[in-house]
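The values are calculated or read from the model by the stated rules, or taken from the named source; none is laboratory data. Everything numeric here is computed off the predicted structure, so don't read it as measured data. Don't worry about glycine lacking a Cβ; one is built from the backbone with ideal geometry, like all the others, and counts go over all protein chains shown. SASA here: full protein model, heavy atoms, side chains in, ligands and nucleic acids out. Shrake-Rupley method; radii C 1.70, N 1.55, O 1.52, S 1.80 Å.
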Amino acid sequence: TQEEQTRPGLRFPPGFAFGAATSAYQIEGAVAEDGRGASVWDTFTRTPGRVLGGHHADVAIDHYHRYRDDVRIMADLGLSAYRFSVSWPRIQPDGSGQVNQKGLDFYKRLTEELRSHGIDPWLTLYHWDLPQELEDRGGWPNRDTAYRFAEFAAVVHDALKDHVHTFSTVNEPWCAAFLGYASGEHAPGRREPGNAIRGAHHLNLAHGLAVQAMNARRVGGCVNLYAISPATGSEADLDAARRIDGLQNRFFLDALLKGAYPEDVLADLPVDMDFVQPGDMKTVNAPIDVLLVNYYSRFTVSGAPGGKASAAAAPTETASPWVGSEHVSFVNGGHPVTAMGWEIDESGLVEILTRVARDYPPIPMVVSENGAAFDDVIVDGRVHDAERQAYVEAHLAACREAIDAGVPLEGYFAWSLMDNFEWAWGYGKRFGLVHVDFETQERLLKDSALWYSEIIRQNRHHEPTDS
Ligand code: PNW
């Protein structure tokens, strides 16, 4: 509409990256092809009761075979960047040692295809698909996994360094540690609170060791941040907000950007941190070029009993991910919700971006995931996903607001490019800008994709031509 064309809130500085994101296990399929080994998600999806509907991602959305068509879609949308992850067990089927060249070749083909269309490849090394062999040796609670990760990072970096715009290490260490090892909602599905904390530290250590091992031209770390509000001004609610902010946000931000865990968070935890060895925190704090921030929602929390035990209601039977703060409850903050039940509040994005800029050493940032699931329907060959479009529009405007407030924000990646395997929810939740028919694998641009493409087009800055 006319209004959209002139809306100044959606004008971005030259060079701002407009991207979309995916992850390997959620889209690739081809789990038994070209020498790929098993990951914890292959095992988890085969364990009854863990994933809604018993869904697995053996085929997923068949991106392994359709990557050329998918890159064509990205090019048609005008994306300047694409964030994807590499499957560790495709590259090291046993999680260490022997390298599977065919696995590396796939990502070479993918990155070459992207670059030939002028799209910058942003490569995530780890988006939760741990080789099963490494889980069998203890998984993330085992310190050795961090060293194996650094070895894997060096292999990927060596093979792809000339093709990749930005490397990032671990996607959302909070999820990998606390949904994987405390609540059990994600693979490997363990409910061992103490080991979740160990795992969280080893994921941070893995990040730092990988940054050092790659010595990449451009490397970043990724965190998922939430805006947190206390339900009331009561002492109990303020304490609840401090605790959840501590475990969700500051435990990772302080580690990566300041090289220390926050004292108040350590005091909340039921473990002593004897597994943190001398020198670890300096490694975790290895210099990075960019911070990747995934943002979805705001949590409103209470220290009084009675609310939900977790903001993101899991579809399966789970324990609390909030180690040491299990008494905290999550209450309705009064915002509309997505199909995940996640509250929509774009002001939280401005809040967390300005907060990182204010409270931490200077670091360029990107929003590396942001998006929403809704119950889409195809009507006459179109998906009128006005709610998703409004969600993305509001959050892009929030990015603009953060930039105006002085935040060094360099890009935005919508989650997700395409509908895909949504972890514990199987194929039951659609986050894509592009609709996927999970039977025929047909791709169809939703209205939100067409709109996003138009915003990107309006932001195209033409280089002055040399005479
Ligand atoms: C992120 N929670 O996951 C992931 O990076 C994506 O792979 C995923 O598809 C996307 O967000 C949507 O879920 C999360 O329970 C999963 O708090 C669960 C939570 C947060 C993030």
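Is it possible to state the helix-based mean residue ellipticity at 222 nm for the chain, with each DSSP H run of 4+ residues giving -39500 (n - 2.57), the sum divided by total residues, to the nearest 500 deg cm²/dmol? What is it?
Calculated mean residue ellipticity at 222 nm is -10500 deg cm²/dmol.
Can you tell me the equivalent ellipsoid semi-axes for the range 272-367? Use √(5λ) from the Cα gyration tensor, largest first, whole Å.
Result for the range 272-367: semi-axes of 29, 22, 12 Å.
Tell me, what is a quarter of the convex hull surface for the C-alpha atoms of the chain, in nm² with one decimal? Each step should come with its number before you reach the end.
Values: hull surface 88.3 nm².
Average projection, Cα convex hull of the chain: 22.1 nm².
Averaged per residue, what accessible surface does the range 294-406 expose to a 1.4 Å probe, in Å²? It would help to have the intermediate numbers written out before the result.
Working: 4540 Å² over 113 residues.
Heavy-atom accessible area per residue stands at 40 Å².
What accessible area, in Å² to the nearest ten, does a 1.4 Å probe give for Lys308?
Approximately 100 Å² for this residue.
For Cys175, what accessible area in Å² do you get when you roll a 1.4 Å probe over the heavy atoms of the protein chains, rounding to the nearest 10?
Roll a 1.4 Å probe over it and Cys175 shows about 10 Å².
Leaving out ligands and nucleic acids, note down the accessible area per residue over the range 141-183 with a 1.4 angstrom probe, in whole Å².
Details: 980 Å² over 43 residues.
So the range 141-183 comes to 23 Å² accessible per residue, rounded to a whole number.
Going by amide H atoms built from the backbone, whose H comes under 5 Å of the H on Val170, apart from near neighbours?
Sorted by chain and number, the residues that satisfy this are Cys222.
Output the Cα-based Rg and Dmax of the range 77-142 in Å, rounding Rg to one decimal and Dmax to a whole number.
Values for the range 77-142 (Cα only, Rg and Dmax): 14.3, 44 Å.
Hey, what do the phi angles of the range 268-282 turn into as Karplus ³J(HN,Hα) couplings, whole Hz, using 6.51/-1.76/1.60 and θ = phi - 60°, x for Gly and Pro?
6, 7, x, 10, 9, 8, 5, 7, 7, 8, x, x, 4, 5, 5
Ignoring everything but the protein chains, give the 1.4 Å probe accessible area of Tyr147 in square angstrom, nearest 10.
90
Among Arg217, Arg242, Arg430, what's the order by accessible area (1.4 angstrom probe), most exposed first?
Arg217, Arg242, Arg430
Please list, or write none, the lysines whose alpha carbon is within less than 24 Å of the alpha carbon of Lys282, excluding same-chain residues fewer than 8 places away.
Here the lysines satisfying the reach criterion relative to Lys282 are Lys258.
From the square roots a ≥ b ≥ c of the eigenvalues of the alpha-carbon gyration tensor of the range 222-287, which class results: rounded (a/c under 1.5), prolate (a/b over b/c), or oblate?
Cα axes put the range 222-287 in the oblate bin.
Given the peptides 25-33, 270-278, 42-50, 310-318, arrange them by the average over their residues of other C-beta atoms within 10 Å, most packed first.
25-33, 310-318, 42-50, 270-278
Output ³J(HN,Hα) for the range 166-171: one whole-Hz value per residue in order, computed from phi by the Karplus curve 6.51 cos²θ - 1.76 cosθ + 1.60 with θ = phi - 60°, and x for Gly and Pro.
Rounded to whole hertz, the list is 9, 8, 10, 8, 9, 6.
What is the spread of the Cα atoms of the range 200-317 along each of their three principal axes, largest first, in whole Å?
48, 31, 30 Å, listed from the longest principal axis down.
Whose amide H sits under 5 Å from the amide H of Ala414, counting only residues 5 or more places off or on another chain, with H placed in the peptide plane?
Under 5 Å from the amide H of Ala414 lie the amide H atoms of Gly19, Ala20, Ala21, each far enough along the sequence or on another chain.
How big is D, in µm² s⁻¹, for the range 134-224 by Stokes-Einstein at 20 °C and 1.002 mPa s if Rh is the Kirkwood radius over C-alpha pairs?
161
What accessible area per residue, rounded to a whole number of Å², is obtained for the range 412-460 using a probe radius of 1.4 Å? Don't jump to the answer; show the numbers that get you there.
Values: 1440 Å² over 49 residues.
Counting only protein heavy atoms, the per-residue value for the range 412-460 is 29 Å².
Per residue of the range 422-435, what does 6.51 cos²θ - 1.76 cosθ + 1.60 with θ = phi - 60° give for ³J(HN,Hα)? Whole Hz please, x for Gly and Pro, Karplus curve as stated.
For the range 422-435, the Karplus curve yields 8, 6, 4, 8, x, 8, x, 10, 10, 9, x, 7, 10, 6 Hz.
If you roll a 1.4 Å probe over the chain with all protein chains in place, what percent of the accessible area is carbon or sulfur?
50
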